[in-house]
1. Of Arg42, Arg62, Arg30, Arg34, which residue is in contact (Cβ under 8 Å) with a residue 12 or more places away in the chain, over 14 Å from Ala10 (Cα atoms) and not hydrophobic (A, V, I, L, M, F, W, C)?
2. Being closer than 21 Å to Gly17 by Cα and among the basic types (Lys, Arg) narrows it down to one of Arg34, Arg75, so name that one.
3. State whether the residues of the stretch 5-15 include one that is assigned to a loop (DSSP other than H, G, I, E, B), at pLDDT below 95, among the charged types (D, E, K, R) and on the phi < 0 side of the Ramachandran plot.
4. Which of the residues spanning the stretch 45-59 are without any contact (Cβ under 8 Å) to a residue 12 or more places away in the chain and under 15 Å from Ile15 (Cβ atoms)?
5. Which residues, taken from the stretch 49-86, are assigned to a loop (DSSP other than H, G, I, E, B) and polar (S, T, N, Q)?
6. Among the numbered criteria (1) in contact with a helix residue (DSSP H, G or I) (Cβ under 9 Å, 6 or more places away or on another chain); (2) buried (at least 17 other Cβ atoms within 10 Å of the Cβ); (3) acidic (Asp, Glu), which single criterion is violated by Glu72?
7. One residue is enough: does the stretch 34-46 have a residue meeting the conditions surrounded by 12 or more Cβ atoms within 10 Å (Cβ to Cβ) and either charged (D, E, K, R) or in a helix (DSSP H, G or I) (or both)?
8. Those residues that are charged (D, E, K, R) and under 11 Å from the mean Cα position of the chain (by Cα), I need them from the stretch 59-97; list them, please.
Amino acid sequence: MGEPREGRSAFHATISGLVQGVGFRYSACREARRLAVSGWVRNLPDGDVEILAEGEDEALSRFLEWLKEGPEGSRVRSVKSESVASTGYYSGFTIEY
């Protein structure tokens, strides 16, 4: 378990639209890793996707912008996000099932 660091923050987000069955989780995981963002992504029973992301402020901002577009084949209708405390707990980005 890590420690929160200066200049790092976190957000919890729910993405709605055509975001399941189109590679959204895989693509989000790849983008998060590219940006050095840690946390997780998972499908929700109602068809939405849920994400918890921690990282440098600039990387998180870029990741959130990417989530608003999503991968090719997805149709993001809305992204609801809220800032949460960065815990430093996550060392990578994973797909949760």
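1. None of the other options fit; the residue is Arg42.
2. Values: Arg34 fails: closer than 21 Å to Gly17 by Cα.
So the residue among Arg34, Arg75 that is closer than 21 Å to Gly17 by Cα and among the basic types (Lys, Arg) is Arg75.
3. Yes, the conditions are met somewhere in the stretch 5-15.
4. Residues satisfying the conditions are Pro45, Asp46.
5. The answer is Ser74, Ser86.
6. Tallying (1) in contact with a helix residue (DSSP H, G or I) (Cβ under 9 Å, 6 or more places away or on another chain); (2) buried (at least 17 other Cβ atoms within 10 Å of the Cβ); (3) acidic (Asp, Glu), Glu72 fails exactly one: (2).
7. yes
8. Those that are charged (D, E, K, R) and under 11 Å from the mean Cα position of the chain (by Cα): Arg62, Glu65, Lys68.
The values are calculated or read from the model by the stated rules, or taken from the named source; none is laboratory data. Being a predicted model, the structure only gives us computed values, none of them experimental. Reconstructed Cβ throughout: ideal geometry from the backbone, glycine too, with neighbour counts over all protein chains shown.
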